[in-house]
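Read the structure below first, then the notes.
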2 protein chains.
Amino acid sequence: MKIERVTEGLSLKRDLDSGTEQQRNAVLEILENVKKNGDQALLDYTAKFDGIRLDSLKVTAEEIEEAYKLVPEDVVGYIREAAENIRSYHSRQVRQSWITTEADGTILGQKITPLDAVGVYVPGGTAAYPSSVLMNVIPAQVAGVGRIAMVSPPGKDGKLPAGVLVAANESGVREIYKVGGAQAIGALAYGTDTIKAVDKITGPGNIYVALAKREVFGDVDIDMIAGPSEIVVLADGEVGNPDYIAADLLSQAEHDRRASSVLVTPSMELAEKVSEEVEKQLASLPRVEIASASIRDYGAIYVTETMEQAIEAVNELAPEHLEIMTVDPIGIIGQIRHAGAIFLGENSSEPIGDYFAGPNHVLPTNGTARFSSPLNVDDFVKKSSIISYSKKAVMDNGHKIAALARLEGLEAHARAVEQRLK
Amino acid sequence: MKIERVTEGLSLKRDLDSGTEQQRNAVLEILENVKKNGDQALLDYTAKFDGIRLDSLKVTAEEIEEAYKLVPEDVVGYIREAAENIRSYHSRQVRQSWITTEADGTILGQKITPLDAVGVYVPGGTAAYPSSVLMNVIPAQVAGVGRIAMVSPPGKDGKLPAGVLVAANESGVREIYKVGGAQAIGALAYGTDTIKAVDKITGPGNIYVALAKREVFGDVDIDMIAGPSEIVVLADGEVGNPDYIAADLLSQAEHDRRASSVLVTPSMELAEKVSEEVEKQLASLPRVEIASASIRDYGAIYVTETMEQAIEAVNELAPEHLEIMTVDPIGIIGQIRHAGAIFLGENSSEPIGDYFAGPNHVLPTNGTARFSSPLNVDDFVKKSSIISYSKKAVMDNGHKIAALARLEGLEAHARAVEQRLK
């Protein structure tokens with residue numbers, strides 16, 4: 001793994017697939033067709049793209065039952081425990097509606113209301129992740145969303161992966177449809193006879209899914225367009241077993257050829273050890289081809305002169321995942337301005353957050369940690385302002401409001417308030 | 001104003017300008033030029049589009065001083081009072097970082113961090129609203145944003161409107177630039193010598209500004225693409241002076257030909273009185289042409305059979321502004337699922353919220369109240385998850401996490417955790 005001495009100004013090599021013209025046109029055509037032909041379009045596209053002609057889109061109780069036979073009982077237990085941890089963490093994010101009252105009768109407030117309905121997209125094939133089901137569904141449930149519809153493309157056997165079905169059932173999803181791609185996004189956005197429209201769509205997908213989400217945004221809300229996964233390890237050289245650091249870098253690298261794994265440290269000694277260890281561990285990985293390409297093209301070890309420079313480098317990188325391996329990791333948090341998830345100390349391996357600890361694994365990629373957040377309960381509620389003025393309050397303040405309206409040349413605004421002063 | 005009997009299924013007539021191909025290309029060219037030529041491009045576009053060749057973009061202390069001479073002293077006082085109300089309301093939205101600790105040494109948490117830098121766009125010409133300055137700037141300040149840069153197109157005299165400068169100064173903005181249009185958005189997104197890049201851009205603008213915001217989204221965050229303003233009045237016929245209702249409907253109508261003003265009521269008597277009163281008040285408005293077109297094309301009075309139907313109609317409309325004029329308005333809030341701002345009782349005229357009460361006037365338009373919120377303090381912070389596992393916690397749970405990783409075929413994830421179990 002290559003080592004580079006840096007003093008300032010670095011940035012992650014990032015590569016966000018924004019699709020070709022041809023892909024965009026294909027997506028537009030699919031969405032239009034779903035809008036027009038509803039379920040028939042969904043069944044036709046599933047036959048065409050997934051290679052299976054289904055009679056019905058909805059997953060049955062029998063299919064769920066069958067899935068449980070395919071997942072080892074202890075693993076079902078771990079899914080259940082992870083779901084509990086995720087629910088417990090997200091329940092701390094819940095906010096209450098509030099009001100303030102004043103002596104003149106004024107009431108102001110903020111009403112928090114869960115979204116009516118949310119759609120969760122779960123990718124198929126090798127990217128079918130039960131953990132993504134939990135991470136997308138549970139915050140919506142904790143927020144109080146009334147209806148959650150899950151969609152996922154079936155395999156050639158017409159089934160969804162057992163792990164995905166178990167995770168969906170364990171988290172309490174009752175509406176699961178066997179449809180994927182842009183057609184599934186169209187169904188969630190516009191509605192069909194079988195799949196009623198939702199207000200927001202979350203969950204990752206391939207380029208067609210990403211383009212379709214971008215397209216329906218505005219008609220419905222979407223979560224984000226995720227880029228490739230990123231990890232940055234910040235280590236002072238005192239703490240942080242090189243074996244651990246190498247293993248954590250590789251856990252990102254196996255995701256995707258374009259995933260980015262970076263170590264930032266003022267210690268050349270640590271840099272050299274980790275570089276060596278990465279090569280050693282890499283060789284025996286089943287996804288060695290993907291991980292090697294990722295480490296080669298998007299991996300880096302940056303050696304800074306000081307720890308301060310290393311911290312500033314992290315803020316420039318604004319990573320999705322940040323591991324802090326230093327003598328006093330919690331003492332550094334205050335200096336970290338941009339990171340999706342922060343892992344403290346050498347025991348806090350990033351996969352702990354991917355699967356189990358409780359915080360969400362849907363995180364801002366591609367430098368967007370500068371301005372965006374992990375998926376959370378707030379993403380599934382909306383706020384409404386509440387304003388109540390009494391006769392006294394409007395009599396006392398009406399002339400001020402009218403003056404401000406006239407400063408902006410909005411006479412009807414001024415008169416609306418003055419109606420109350422008569 | 002036209003009256004329509006409805007029983008179910010109605011929607012606002014909405015009209016969102018999404019720009020022409022020509023406008024989109026013009027915006028792309030401007031953004032590219034600003035990226036390449038920086039300040040020079042800004043000065044050139046300002047000469048071309050605003051008709052004034054400036055030497056320098058930054059508003060000076062002298063210009064601020066001059067502005068104060070042009071705004072009556074009492075109105076400056078009202079701006080100050082409005083700013084205080086807005087600050088007070090938004091300060092109740094502030095959230096704290098939190099952590100949880102467990103006996104096995106696990107620490108989980110959520111760190112709240114203000115954005116580094118925010119840009120606020122303030123439109124020029126007749127849409128130059130001092131109130132918009134307060135509504136965009138103050139929530140960012142309350143959130144703790146370190147740097148706020150305001151941009152606004154100058155008039156042919158090379159100046160910004162006095163009211164806008166006073167509002168900016170009163171709210172404490174110290175960086176104000178005389179540049180507007182797509183070029184201002186480009187400067188905020190990419191940075192120039194004079195205007196450093198920001199992380200998020202908020203504030204309304206014309207179609208070029210809206211298209212430019214859409215384009216830079218991803219490089220920076222944006223607030224929303226606002227549609228035309230909307231008001232829905234829900235009245236039971238018992239409460240709600242028809243003169244008040246008519247005046248409030250007209251206060252929206254004067255904004256824009258495409259603004260939408262709607263009354264929903266089970267009372268035909270009230271419907272007829274309001275319809276009549278709208279025509280009467282309309283005639284004497286200075287912006288009669290705009291307001292008439294709006295009322296004709298986008299205005300409606302819907303008469304339902306029951307109050308329940310009227311409430312359901314409001315939820316279908318999902319309005320930006322909702323006024324509830326009924327015997328017990330607060331008793332109805334729980335049934336309102338979608339509305340940007342809710343005004344209670346016949347004294348709570350909508351302009352009170354536009355200017356003075358405290359809640360934000362930047363609200364979800366175009367039915368997006370189904371899933372989005374008024375501009376608020378949360379829009380100017382981001383969250384980071386915190387995860388710290390002790391040796392004990394990873395020894396107790398590591399095998400579960402490894403099993404979940406292997407269920408997803410991610411071997412390097414499993415091994416990263418197992419490194420800690422050795």
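The values are calculated or read from the model by the stated rules, or taken from the named source; none is laboratory data. It should be emphasised that the depicted structure is a prediction, and the values quoted were computed from it without experimental measurement. Positions of Cβ are generated from backbone atoms using ideal geometry, with glycine treated the same way; all protein chains shown enter the neighbour counts.
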Inset, instruction - Would you mind finding the one in A:VAL274, A:VAL232, A:VAL239 that is surrounded by 24 or more Cβ atoms within 10 Å (Cβ to Cβ) and over 26 Å from the mean Cα position of the chain (by Cα)? - result: A:VAL274
Legend entry - Some residue of the stretch B:397-408 being farther than 24 Å from A:VAL133 by Cβ and more than 7 Å from chain A (Cβ to nearest Cβ): no
Legend entry - Positions within the stretch B:209-230 being more than 10 Å from chain A (Cβ to nearest Cβ) and in contact with a Ser or Thr (Cβ under 6 Å, 6 or more places away or on another chain), in sequence order: B:ASP223, B:ALA226, B:GLU230
Legend entry - Residues of the stretch B:178-209 that turn out to be in contact with a helix residue (DSSP H, G or I) (Cβ under 7 Å, 6 or more places away or on another chain), at pLDDT below 95 and of a type in the set (Gly, Ala, Ser), as a count: 1
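Could you identify the single residue in B:GLU312, B:GLU323, B:GLU316 that is closer than 30 Å to B:ARG80 by Cα, in the same structural domain as B:LEU250 (by TED's automatic domain parsing) and either touching a helix residue (DSSP H, G or I) at 6+ places or on another chain (Cβ under 8 Å) or of a type in the set (Asp, Glu) (or both)?
On the way: B:GLU312 fails: closer than 30 Å to B:ARG80 by Cα; B:GLU316 fails: closer than 30 Å to B:ARG80 by Cα.
When all the criteria are applied, what remains is B:GLU323.
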Legend entry - Selection status of B:GLU305, more than 7 Å from every other protein chain (Cβ to nearest Cβ), surrounded by fewer than 24 Cβ atoms within 10 Å (Cβ to Cβ) and of a type in the set (D, E, K, R): yes
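Condition test on B:ALA310, is it within 8 Å of another protein chain (Cβ to nearest Cβ) and either assigned to a helix (DSSP H, G or I) or at positive phi (or both)?
no
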Inset, instruction - Within the stretch B:330-349, track down each residue that is in contact (Cβ under 8 Å) with a residue 40 or more places away in the chain and more than 7 Å from chain A (Cβ to nearest Cβ). - result: B:ILE332, B:GLU346
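Considering only strands (runs of 3 or more DSSP E) fully contained in the stretch B:82-141, which possess at least 1 residues that are at the interface with chain A (Cβ under 8 Å from one of its Cβ atoms) and touching a residue at least 40 places away in the same chain (Cβ under 8 Å)? It would help to see each step written out before you state the result.
Details: elements: B:98-101, B:107-114, B:117-121.
Result: B:107-114.
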Legend entry - Verdict on A:VAL164 being within 11 Å of chain B (Cβ to nearest Cβ), farther than 27 Å from B:LEU363 by Cα and either part of a loop (DSSP other than H, G, I, E, B) or touching a residue at least 12 places away in the same chain (Cβ under 8 Å) (or both): yes
Inset, instruction - Can you tell me which residue within the stretch B:24-55, out of those that are farther than 16 Å from B:TYR190 by Cβ and touching a residue at least 24 places away in the same chain (Cβ under 8 Å), is surrounded by the fewest Cβ atoms within 10 Å (Cβ to Cβ)? - result: B:GLY51
Inset, instruction - Taking A:ASP55 as meeting all but one of (1) more than 28 Å from A:ALA318 (Cβ to Cβ); (2) in a helix (DSSP H, G or I); (3) not aliphatic (A, V, I, L, M), write down the number of the exception. - result: (2)
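Matching residues to (1) without any contact (Cβ under 8 Å) to a residue 60 or more places away in the chain; (2) in the same structural domain as A:ILE30 (by TED's automatic domain parsing):
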{"residue": "A:ASP199", "(1), (2)": "no, yes"}
{"residue": "A:MET268", "(1), (2)": "no, no"}
{"residue": "A:GLU277", "(1), (2)": "yes, no"}
{"residue": "A:ILE295", "(1), (2)": "no, no"}
{"residue": "A:GLY299", "(1), (2)": "no, no"}
Legend entry - Output for the stretch B:370-396, where each listed residue is touching a Leu at 6+ places or on another chain (Cβ under 9 Å), part of a helix (DSSP H, G or I) and within 7 Å of another protein chain (Cβ to nearest Cβ): B:ARG370, B:VAL394
